[in-house]
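The values are calculated or read from the model by the stated rules, or taken from the named source; none is laboratory data. What you are looking at is a predicted structure, and each value in this text was computed from that prediction instead of being measured. Quick reminder, even Gly has a Cβ in these numbers, built from the backbone with ideal geometry, and neighbours come from all protein chains shown. When the accessible area is computed, the model is the full protein with side chains, heavy atoms only, and any ligands, DNA or RNA have been set aside. Shrake-Rupley method; radii C 1.70, N 1.55, O 1.52, S 1.80 Å.
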Amino acid sequence: MLQAYTDVLIFLLVGAGFVVLNMALGRLLRPHNPYPEKLTPYECGEVPVGEGQVPFNIRYYIFALLFVVFDVEVVFLFPWSVVLRDLGLYAFVLMVIFLVMLVDGLVYAWKKGVLRWV
Amino acid sequence: MTDWLWGLFQQWGLGEPAFNAFMGLIKGVLVVAFLAVNALLLIYLERKVSGYIQNRLGPTRTGPKGLLQTLADAVKLLSKEDVIPSGADRAVYILAPIVIFAAATALWIVIPFGPQTMVQDLNIGLIYISAVTGLSVLAFLMAGWSSNNKWSLLGSMRSAAQLISYEVPLVLSIVAVGMMAGSLRLGDIVAAQQGGIGNWFIFPQILGFIVFFTAGLAEINRAPFDLPEAESELVAGFNTEYSGFRWGVFFVAEYANLVAFSALAATFFFGGPTGPVLPPFVWFLIKTYFFILVAMWIRWTLPRIRVDHLMNLGWYVLIPLALINLGWTGLYVVLRG
């Protein structure tokens, strides 16, 4: 069991190592000649206006909230899905009731027009 | 081979954990090599396929039939100057490609190359897949925010919106697969589909497959859902400021994810890496490359869709479809026993 997750850690490290190794290898090959004009952020060839990390209107606050609701729902669905065959119709009906309540919320958000992206 | 190595480890006085870690390391290197070779091949294939679809030849000059083109590109990328824009958040900027590639590699732990041949058959395989694929949005946000560039910021914000919208239908369609197999293990999912085409999940799960394939294309940013890097509006989206090999890492990770996505589509719905006559690994390659070619066909046929259309498709079409599929699958599983 622990071995399985050791492998996950090793794979993450190997993946990271591949990038680091190639960057180190590239250091031997690539030129290094920075100057201020070259390092300016790209803005279609113009001199950049202001900062790049500007305050930004995130339109999808409601989307993110709905996403959290559905993701939590999925957490309940996963264990249910594995044992459904043994629990039978009763468990299925219970989950349908649970899902209908959630879908109700989605339909409400839909009717309210908060899912419009403009 | 493994016995000989185990003997060697005992001789050096190293225990089983060290041996297992070493084996894990070898598997990791093999998987990364597999991904790198596939990416080289796929980039060539993509250029050839797009060439023929658009009635031109694609690369022909470098090597026989242009086969060495990607290799030449890789060498070019390695020898490009490493430019980090002024005002960038250096640590995050450098970390972003590392995160995306580490996630793309870690995904391959659970993907079956044969009926029981995977690095680790995790008992939470399906949850693991949705968790690891979710990491790529983190890398996009890191790349977009740290670049100090407005195009990058816009691209990464879009990618976050896109990924959270399509994560839900994707995971719901995966849950239905878990219900069919009665297990979250990928080994069990392959085993449940043995014994002929009639047992493949595609037939009861046709709706689930459509949802999975559409949402999956969006998750790996393939056209027509490649809005995070929409060239015609956002220059290059989240990776505008990336150049040289750092950009190459994003590119390779994208293709690694394409291979993984195709392999998963084959595993979940088309019987996985098994078939008559030929060995499992060959079937793995045949089925995986079939879906890769379908994805390429879609990419070079359909135009990119608009942001609001993208969100509408996710919330108004795919999520309801995925829920209907879930209800149908529940009935199917309960009534068939």
Residues of segment B:26-42 that bury at least 20 Å² of accessible area, probe 1.4 Å, when all protein chains are present rather than the chain alone, are B:28, B:32
Among the Cα-Cα pairs of segment B:1-79, the proportion with separation greater than 18 Å, in percent, is 60
Pseudo-spin-label distance residue B:65 to residue A:65, built 7 Å along Cα→Cβ, given in nm, is 5.6
Counting only protein heavy atoms and rolling a 1.4 Å probe, one gets per residue an accessible area for chain A in Å² of 67
Taking the reciprocal of mean 1/r across every pair of different Cα atoms in segment B:265-336, the Kirkwood radius in Å is 15.3
With N residues in segment B:157-254, Rg(alpha-carbon) / (2.2 N^0.38 Å) equals 1.38
For residue A:97 and residue B:37, extending 7 Å from Cα along the Cα-Cβ vector and measuring point to point gives, in nm, a value of 5.6
Helix A:89-112: inclination vs chain A longest Cα principal axis, degrees, rounded to 10, gives 60
A 1.4 Å probe over the protein heavy atoms gives chain B a carbon and sulfur accessible-area percentage of 70
Stokes-Einstein, Kirkwood over Cα pairs, chain B, 20 °C, 1.002 mPa s; D in µm²/s equals 101
In order over segment B:50-58: 3J(HN,Hα) from phi, Karplus 6.51/-1.76/1.60, θ = phi - 60°, whole Hz, x for each Gly or Pro, gives 4, x, 5, 5, 9, 6, 9, 9, x
Looking only at aspartates and glutamates whose Cα falls under 18 Å of residue B:27's and that sit 8 or more positions away or on another chain, we get A:7, B:3, B:16, B:121
Summing -39500 (n - 2.57) over every DSSP H run of at least 4 in the protein assembly as shown, dividing by its residue total and rounding to the nearest 500, the 222 nm mean residue ellipticity is -23000 deg cm²/dmol
To the nearest 20 debye, the protein assembly as shown has a Cα-centred charge dipole, built from +1 on Lys and Arg Cβ and -1 on Asp and Glu Cβ, of 880
Of all C-alpha pairs within segment A:58-112, those more than 18 angstrom apart amount in percent to 42
HN-Hα couplings for segment B:142-153 via Karplus (6.51, -1.76, 1.60; θ = phi - 60°), in whole Hz with x for Gly/Pro, come out as 4, 4, x, 6, 7, 6, 6, 9, 6, 4, 4, 4
One would report the Cα pair-distance distribution of segment B:59-178, bin width 5 Å, in %, as 2, 10, 13, 14, 15, 14, 14, 12, 6, 1, 0
Result for interface chain A to chain B, accessible surface buried in total, 1.4 Å probe, Å² to 100, stands at 6600
The lysines whose Cα lies under 25 Å from the Cα of residue B:150, excluding any fewer than 8 residues away in the same chain, are A:38, B:80
Taking a probe of 1.4 Å and leaving out DNA, RNA and ligands, chain B shows per residue an accessible area in Å² of 39
So, over other residues within a Cβ distance under 10 Å of residue B:93, counting Lys, Arg +1 and Asp, Glu -1, the net charge is 0
If N is the residue count of the protein assembly as shown, its Cα Rg over 2.2 N^0.38 Å rounds to 1.02
